[in-house]
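The values are calculated or read from the model by the stated rules, or taken from the named source; none is laboratory data. In this text, all values refer to a predicted model and were calculated from it rather than measured experimentally. Cβ placement follows ideal geometry from the backbone for every residue including glycine, while neighbour counts extend to all protein chains displayed. For accessibility, only protein heavy atoms count, side chains too; no ligands or nucleic acids. Shrake-Rupley method; radii C 1.70, N 1.55, O 1.52, S 1.80 Å.
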Amino acid sequence: MQLPMAPKDLTFAVTRNENAKTPEEREQILANPGFGQFFTDHMVDICWSEWGGWHRPRVQPYGPISIDPAASVLHYAQEIFEGLKAYRWADGSIRTFRPEANAARLQRSAARLALPELPTAHFIDSLKQLIQADADWVPSAPETSLYLRPFMFAKEAFLGVRAAKKVNYYVIASPAGAYFTGGIQPLEIWLSTQYTRAGHGGMGAAKTGGNYAASLVAQQEAAANDCQQVLFLDAQEGKYLEELGGMNVVLVTRDSKLITPESDSILEGITLDSLLQLGRDRGYTTEQRRVSIDEVREGVASGEIVEAFACGTAAVVTPIGVLRNADLRIDFPVPAEPVSLSLREELTGIQYGRVEDRHGWTVRLDAED
Ligand SMILES: *Cc1c(COP(=O)(O)O)cnc(C)c1O
């Protein structure tokens, strides 16, 4: 008998979708996919139980999941997810970007939420399996991709409060159009003082739905004030920058520093980490440390801060134009040739195979590398 947690090769049972979209229907969707509205024909499903470990890996038709009304995720929110993209290269091949980093982060999120850790090899295999079934769903127009959404939740039907003994892991995929249609507009961001998304010792560093649930009312407040995004401050003192609801924040200084806030309640973005590396390659110094809102205000006033941007997988990089609330307004300089957009160009160049991948970040999904 295999030990429950021993990594073993998973052999996926594949059930083709008999009601898959026709090539014409698919092409129509891929011509204008937007974000997160359409889903491919298949999904991956792997079961986990305390006694059996990871088992029953499947590729099956995309469709509703049946769960017991007492499934603990519905009551206690024991859930985590990931987000990464599959890119169509000019030679027709399909690659993704730093999937081991997403696998490692899913494991850290799992550890925090008392969920089982999916081995990295199984994570990457699950992406390859889905791409094998749905390769035709990876669009080829510039700046488009297939967004991959792995997620895991507590499926055990039990209302007692403890970590579930039955969990499922899934991967679904959704074609994504170019994020910016009609040019990149600097973000107007609402600085929330009433709400925080996470606190010291909480789940802020885990990619979990609960953090998003905590951010929605603040996002509504932002929208009501004509802002596209919300920036959260630290929960303890309300003084230090954390991040947006789903993107990390970077400041650029006159003396070529890239500064990003540090705290145990910030999600460690892989886009952020990659951009900081590309910045260091160009001779920028990078600092991950506490950054107070006062420092930002004074830095912009003195000319020390020359640019600010937000970053994450979905939008990659977006310049920040304004940060404001009822009591404060900071107008960031938006240079004619922002460093943020030049870094964005380099990063997307690597992701789409136009720029040499000198860090070995891309991984082929439709065949062996
Ligand atoms: C996913 C996410 C990010 C960005 O991470 P990437 O790996 O760059 O996509 C930032 N903040 C939060 C809260 C997130 O969930």
field: Relative packing of peptides 164-172, 61-69, 193-201 - highest average C-beta neighbours within 10 Å first
entry: 164-172, 193-201, 61-69
message: Apply the Karplus curve 6.51 cos²θ - 1.76 cosθ + 1.60, θ = phi - 60°, to the phi angles in segment 107-117 and return the couplings in whole Hz, x for Gly and Pro.
response: 5, 5, 4, 4, 4, 5, 9, 6, 9, x, 8
task: Compute the acute angle (0 to 90°) between the alpha-carbon long axis of helix 339-351 and the principal axis of greatest extent of the alpha-carbon atoms of the chain; round to the nearest 10°.
output: 20 degrees
task: Using Cα centres only, tell me the gap between segment 83-112 and segment 287-330 in whole Å.
output: 28 Å
- request: Output the peptides 280-291, 40-51 sorted from most to least packed, where packing is the average of other Cβ atoms within 10 Å over each peptide's residues.
  value: 40-51, 280-291
- request: Quick one: grab the alpha carbon gyration tensor of segment 121-217, order the square roots of its eigenvalues as a ≥ b ≥ c, and give me rounded if a/c is under 1.5, else prolate or oblate depending on whether a/b is larger than b/c.
  value: oblate
Placed amide H near ILE320: partners under 5 Å, 5+ positions off or other chain: LEU187, ALA308, PHE309, ALA310
task: Using a 10 angstrom cutoff on alpha carbons, build the Gaussian network for the chain and name the most mobile of THR22, THR144, THR313.
output: THR22
task: State the answer as a single residue: which of SER174, GLN219, ALA157 lies farthest towards the positive end of the charge dipole of segment 118-230, with beta carbon charges of +1 for Lys and Arg and -1 for Asp and Glu, about the Cα centre.
output: ALA157
query: Got a number for carbon plus sulfur as a percent of segment 196-281's accessible area, 1.4 Å probe?
result: 47 percent
query: Of the accessible area of segment 13-178, with the probe set at 1.4 angstrom, what percent is carbon plus sulfur?
result: 53 percent
message: At 1.4 Å probe radius, can you tell me the per residue accessible area of the chain in Å²?
response: 45 Å²
- request: Starting at the first residue of segment 203-216, write each ³J(HN,Hα) from the Karplus equation 6.51 cos²θ - 1.76 cosθ + 1.60 with θ = phi - 60°, in whole Hz, x for Gly and Pro.
  value: 9, x, 8, 9, 8, 9, x, x, 5, 6, 4, 5, 8, 5
- prompt: Can you tell which of VAL250, VAL217, VAL73 shows the greatest fluctuation in a Gaussian network model of the chain with Cα springs below 10 Å?
  reply: VAL217
statement: Phi angles of segment 261-272, converted by Karplus (6.51 cos²θ - 1.76 cosθ + 1.60, θ = phi - 60°) into ³J(HN,Hα) in whole Hz with x for Gly and Pro, give x, 10, 5, 7, 10, 9, 6, 7, x, 7, 5, 4
- prompt: Dipole of the chain, Cα-centred, from +1 at each Lys and Arg C-beta and -1 at each Asp and Glu C-beta, to the nearest 20 debye?
  reply: 780 debye
